[in-house]
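For reference, the structure discussed in these notes is given below.
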Amino acid sequence: MTKLIYAFGPGQADGPVGDPAILGHKGAGLATMACLGLPVPPGFILSKKALSICLDHGGQPSPALKKHIRAALNRISAISGRIFGDPAKPFLVALRLESGQLLSGTPASFLNIGLNPQTVEGIAALSGNRDFAYDQYRRFVSTYARRVLAMDAHQFSAIKPPPAQKGALHPSADASRQIIAAYQAAIAQTGQSAIPEDPYDQLWSILATLLTPTHQAQNHKTQDMVQDRAHSPATTAIIQMMVFDRLDAKSARGYAFSRHPQSGRPHPHGMIISSNGSLMDYSPANYSRANHSPADDRLQPLDRPDCLFPQSDSAQSSRKSPPKSLRQSSPWRAAVARQLSKICGQLEQHDQRVQAISFVIENGQLWLLKTENARLSARATIITAVDMAESGLIDQREAIMRVDPALLDRLLHASIASDVRPDIMTSGLPTSPGAASGIAVFSALEARRRGKDTPVILVKEATSPEDVYGMTKANGILTTSGGMSSHAAVIARALGRACVCSARDLRIDSQAKTLRIGATIINQGDTITIDGSTGAVIRGAVRLIDPDISGDFATLLDWADRYRRLKVRANAETREELETAARFGADGVGLCRTEHMFFDHERILTMQEMIMAKDEEGRRAALGKLLPIQRRDFIDLFAQLKNQPVTIRLLDPPLHEFLPRSEEEFTALSERMGIDRQTVRRRATRLAEANPMLGHRGCRLAITYPEIYEMQAQAIFEATLEATHRHGDNVALEIMVPLVSSLREMDFVKVIIDAVARRVFGQANTTIPYKIGPTVELPRAALCAREIAKISDFFSFGTNDLTQTVLGLSRDDAGTFIPTYREYAVFDADPFVTLDEKGVGTLIAQATQAGRQEQPGMIIGICGEHGGDPDSIRFCEKIGLDYVSCSPYRVPIARLAAAQSALQDSA
Ligand code: PEP
Ligand code: MG
């Protein structure tokens, strides 16, 4: 039979101690502490079954359950020597519900149950403090009226708070009594029945109230989904003997942590809240969300002699210790601190997690009310996981599994200081993490110019390849359109810049160089801040916290490397990106987007010359100028890679992306090329496409203009020769052909490349191995994978375009409605962030299998943005891919996620 009640008391507890599935998290913690012989007020847990019996009876316990509860209260009597409801020696109880969600915030609770005109006298006599007893009673009556009788504040508006007594902790008993009488009169006026005097009746009615909160009436289906099941019903309830933090000057409550939750310092820390009132809100939500919560400063190492003195705000701000006289008069505080410190160690050893403990000190005696796994800052999570593994408390695998890879993002990028109250003007999609402040500029040119000596935020409707030279100089990028894999997002992530896209409330006037948000106008040169981790767009500059990578970060990733099977490559091509990739431990380059090598302003002009040329001869002339530049780039690339594999993708974007758009730029290009402006404009207009992502791009360019890929192949092979023969590098070269959809396309391009290889290597009288393969980013390529594999050496899934084409969802426009899709749970996740396993994932799995049927052992990876997403990486591990490739800043995340996926798979 399922047990209804699990009791706990000194040195013992019923049931599966420490099992939150049965006892709830709070109950499990209390039972554990009781069994360890720690000072826990005696009490009992009402199981889920008991609560469902109550719900079946309209919130009231059934007669049989009431009997069990009475028996459990008698057990408390046996321990405490007091009796619930007894006028002479009463004890009171607290009732606390635990919701179905782990750490969902403060559970519903009710204190001081059992007070009535008789028991209040009993409490007064036992505590020797009448003012205190009546103050508690006053609080109980007021809470009961509001919460159980659901009376409004205006019904009590005539009742004034009790006058404070100078130097006293409580109002006088008489003052409290008058207020209690006033409450009772107000209740009578409403016609409701009075607060029951019988302590058991109080308990039943309070239990019924807490179990049937008003939000449970809400059952609209869509609303349910939108609310994300925020209010799950209570799973367990705890009824526990009251201990009092407001009793006297030797009473207080506080929090202790077995290690510092923000810094990870490996010593117990604590703080106290004085007994004469609550000084601060230090709820778990408060300390977990912020990296540097002001609350941190109040935590003191428990081995400091004055650690458990309440810190008034003024003492805090001036950082003064309590006066010596006070310290000497309170030796009990030092004793409690020593006891707490020992308990922290004991609980951490037992749970093998950093513990957050709440406690009460009643007349100098310590009582523990709660222990739970502390919520740690990103930094503390890593530091403690590594430290615990190094000290042998947990093993390396456990340390790896404990760190959420997403936390690493917070350490790798600047964040807004937690005490800042930012003036948020609007928000958009958080497309590249980190926060940045700078002056708003409205063109890449301006970003380039002013970004040299001033931090700038580049603000545009969207960015394109020709903006990259300005983006590299910006601290952040803000756009009004575009999704998670739009141009701005992809480039910002590669560069490690903060980026917010699709901030749709913004109106940019690039002529007037202004940004309008409602009535607010931001002019070029005004300072703004963007937070690429939350999507916030903020007026002015705010205090930022620099990224903070400790040695433990590297240790954890080294351990991760021991366990991962998936390789992690980087999407990188510039020197800076390659350096970042190497620093973060990438296993080579999985995607070198060659078009990014043309973004430099001078090079783009030559590219434009090539595109604007009227015939093949003109194109070849311009390509001839690009050839040595490309060759140099590849030589540098190979030198930086130090023999690691590199996948070089041939030119992919539609040509018009390189072309000028404004009249000013048309003029500049016409002058440079010596052709008239009309012709330049006409040609640029003709090249513009209605749907460029599905237009003349990728290998389609090579089929119409083979000389482009010929030049690139020549540059690659000549660079390979030079790197190999002159510098002794061992180049593991893969040449990737974008946007392939058929065997014939692949074959057409392969013939061009192989011919160039024969020519270049023939002239040097040598040969160097290289691989050729497609970016599988169109559904047809995935469906015909077996056929395409016949002439391919590898596959790399371009999951950005594959997502776009499988879902029929433009990667540049999806930002407009994906938030709504997420809100209504139409999408569980943004498919441009987390791989759509059912659709895109199925195609990838099938194509992988087909490719390897044709060519056993074929190297297969992904190179879209999903390569840095932990959930997508888990999928890649599951289907046996060889590597993921992602932007350099996401390499650490991918290394950790890959290790976790491998460990999960082997578990
Ligand atoms: C892709 O499509 O997934 C890809 C990596 O290429 P790009 O983002 O450059 O289109
Ligand atoms: Mg692509």
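The values are calculated or read from the model by the stated rules, or taken from the named source; none is laboratory data. All of these numbers come straight from a predicted model, not from anything done at the bench. Positions of Cβ are generated from backbone atoms using ideal geometry, with glycine treated the same way; all protein chains shown enter the neighbour counts. When the accessible area is computed, the model is the full protein with side chains, heavy atoms only, and any ligands, DNA or RNA have been set aside. Shrake-Rupley method; radii C 1.70, N 1.55, O 1.52, S 1.80 Å.
Table for the structure above
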read-out: Region 5-33: number of residues that are surrounded by fewer than 24 Cβ atoms within 10 Å (Cβ to Cβ) and more than 30 Å from the chain's Cα centre (by Cα); value: 11
read-out: Enumeration of residues in region 855-887 that are more than 22 Å from the chain's Cα centre (by Cα), within 16 Å of ligand 2 (Cβ to nearest atom) and among the small types (Gly, Ala, Ser); value: 861
read-out: Residue 613 being more than 38 Å from the chain's Cα centre (by Cα) and modelled with pLDDT of 85 or more; value: yes
read-out: Within region 869-896, considering residues that are part of a helix (DSSP H, G or I), touching a strand residue (DSSP E or B) at 6+ places or on another chain (Cβ under 6 Å) and of a type in the set (A, V, I, L, M, F, W, C), the one nearest to residue 841 (Cα to Cα); value: 876
read-out: Set 859, 844: member being touching a strand residue (DSSP E or B) at 6+ places or on another chain (Cβ under 8 Å), in contact (Cβ under 8 Å) with a residue 40 or more places away in the chain, aliphatic (A, V, I, L, M) and open to solvent by 10 Å² or more (accessible area, probe 1.4 Å); value: 859
read-out: Subset tally (residues that are outside any loop (DSSP other than H, G, I, E, B) and either within 16 Å of ligand 1 (Cβ to nearest atom) or modelled with pLDDT under 95 (or both)) for region 723-744; value: 9
read-out: Matching entry among 733, 721, 701 (being farther than 21 Å from residue 758 by Cβ and of a type in the set (A, V, I, L, M, F, W, C)); value: 701
read-out: Pair list, Cβ under 7 Å, 6 or more apart: region 468-496 residue without any contact (Cβ under 8 Å) to a residue 40 or more places away in the chain and open to solvent by 10 Å² or more (accessible area, probe 1.4 Å), other residue within 16 Å of ligand 1 (Cβ to nearest atom) and not in a helix (DSSP H, G or I); value: none
read-out: Odd one out for residue 489, checked against (1) closer than 17 Å to residue 442 by Cβ; (2) within 16 Å of ligand 2 (Cβ to nearest atom); value: (1)
read-out: Any chance residue 903 is within 16 Å of ligand 1 (Cβ to nearest atom) and not aromatic (Phe, Trp, Tyr); value: no
read-out: Residues that are open to solvent by 50 Å² or more (accessible area, probe 1.4 Å) and outside any loop (DSSP other than H, G, I, E, B), drawn from region 561-613; value: 561, 562, 563, 567, 575, 576, 579, 582, 583, 601, 602, 603
read-out: Qualifying helices (runs of 4 or more DSSP H) (wholly inside region 103-195; at least 1 residues being over 27 Å from residue 252 (Cβ atoms)); value: 173-189
read-out: Residue ID - nearest to ligand 2 (Cβ to nearest atom), chosen from residues in region 699-734 that are under 18 Å from residue 588 (Cα atoms) and of a type outside the set (Gly, Ala, Ser); value: 734
read-out: The one condition in (1) farther than 25 Å from residue 898 by Cα; (2) of a type in the set (S, T, N, Q); (3) within 16 Å of ligand 2 (Cβ to nearest atom) that residue 571 fails to fulfil; value: (1)
read-out: Count of region 159-189 residues which are among the aliphatic types (A, V, I, L, M), more than 16 Å from residue 140 (Cα to Cα) and at pLDDT below 90; value: 3
read-out: Which numbered condition residue 692 fails, given (1) open to solvent by less than 30 Å² (accessible area, probe 1.4 Å); (2) within 16 Å of ligand 1 (Cβ to nearest atom); value: (1)
read-out: Looking only at region 753-763, and only at residues there that are among the hydrophobic types (A, V, I, L, M, F, W, C) and surrounded by fewer than 22 Cβ atoms within 10 Å (Cβ to Cβ), the one that is farthest from residue 716 (Cα to Cα); value: 755
read-out: Residue 897 closer than 14 Å to residue 803 by Cα and touching a residue at least 12 places away in the same chain (Cβ under 8 Å); value: no
read-out: Considering residues of region 745-788 that are of a type in the set (Val, Ile, Thr) and more than 30 Å from residue 722 (Cβ to Cβ) only, the residue farthest from ligand 1 (Cβ to nearest atom); value: 788
read-out: Count of region 401-455 residues which are part of a helix (DSSP H, G or I), small (Gly, Ala, Ser) and either farther than 30 Å from residue 662 by Cβ or open to solvent by 30 Å² or more (accessible area, probe 1.4 Å) (or both); value: 1
read-out: Region 450-483: number of residues that are at pLDDT below 90 and charged (D, E, K, R); value: 4
read-out: Selected residue (only one of 398, 372, 362 is modelled with pLDDT under 95, open to solvent by 10 Å² or more (accessible area, probe 1.4 Å), more than 26 Å from residue 545 (Cα to Cα) and within 24 Å of the chain's Cα centre (by Cα)); value: 372
read-out: Residue count, region 636-687 (criterion: open to solvent by 40 Å² or more (accessible area, probe 1.4 Å), at pLDDT 90 or above and assigned to a loop (DSSP other than H, G, I, E, B)); value: 1
read-out: Residue ID - surrounded by the fewest Cβ atoms within 10 Å (Cβ to Cβ), chosen from residues in region 706-734 that are over 42 Å from the mean Cα position of the chain (by Cα) and polar (S, T, N, Q); value: 724
read-out: Members of region 792-819 that are of a type in the set (A, V, I, L, M, F, W, C), open to solvent by 40 Å² or more (accessible area, probe 1.4 Å) and more than 16 Å from ligand 2 (Cβ to nearest atom); value: 817
read-out: Failed condition for residue 243, given (1) modelled with pLDDT under 85; (2) in a loop (DSSP other than H, G, I, E, B); (3) surrounded by 15 or more Cβ atoms within 10 Å (Cβ to Cβ); value: (1)
read-out: Residue among 37, 85, 58 that is touching a Gly at 6+ places or on another chain (Cβ under 8 Å), open to solvent by 10 Å² or more (accessible area, probe 1.4 Å) and within 17 Å of residue 204 (Cβ to Cβ); value: 85
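Yes/no per residue for (1) away from ligand 2 (no atom under 16 Å from the Cβ); (2) touching a residue at least 40 places away in the same chain (Cβ under 8 Å); (3) surrounded by fewer than 20 Cβ atoms within 10 Å (Cβ to Cβ); (4) of a type outside the set (Ser, Thr, Tyr):
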site	(1), (2), (3), (4)
736	no, yes, no, yes
741	no, yes, no, no
744	yes, no, yes, yes
747	yes, yes, yes, yes
751	yes, no, yes, yes
765	yes, no, yes, yes
775	no, yes, no, no
779	no, yes, yes, yes
786	yes, yes, yes, yes
